[in-house]
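The structure appears below as structure tokens.
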Amino acid sequence: MSFQQLDPPLPVHVLDRGPGYAFAVIDYGQEHNLIWVTAINETGEIWCAPNPRVRLQANWTMGRAKPPAAGGARDGACTASEESRIAAVV
């Protein structure tokens, strides 16, 4: 297991929680998702979110548009309930 503090923190969007800043990453090894330790902007809550639930926020300067999963499901995309079902299988 490794714990890496991010300096500077990364602006991210955690699905079903909202935008925030990831300030650390936990890596439990090859059989596990990375865990992003994130402070949510709106509530101030700290959430440990698995990698599939975390998206980088939009950055106009870098040419990165708002991620489709953060703005709503796109055609053919998994919904939150579908992601939960798939995660349970894995």
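Computed quantities for the displayed model
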item: Local net charge near L56, Cβ-Cβ under 13 Å (Lys/Arg +1, Asp/Glu -1); result: +4
item: Cut-off under 5 Å, modelled amide H: who pairs with V12 long-range; result: G20, Y21, A22, Q57
item: Dipole moment magnitude, nearest 20 debye, the stretch 2-58 about Cα centre, only Lys, Arg, Asp, Glu C-beta charged; result: 120 debye
item: Karplus-derived HN-Hα couplings along the stretch 34-42 (A = 6.51, B = -1.76, C = 1.60, θ = phi - 60°), whole Hz, x at Gly and Pro; result: 5, 10, 9, 8, 10, 8, 7, 4, 5
item: Per residue convex hull volume, Cα atoms of the stretch 2-58, in Å³; result: 75 Å³
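FYI, it's all coordinate maths here, none of it is from the lab. Only a predicted model underlies this, so the values are computations on that prediction, with no experimental measurement involved. Neighbour counts are summed over all protein chains in view; Cβ atoms, including those assigned to glycine, are modelled from backbone coordinates with ideal geometry.
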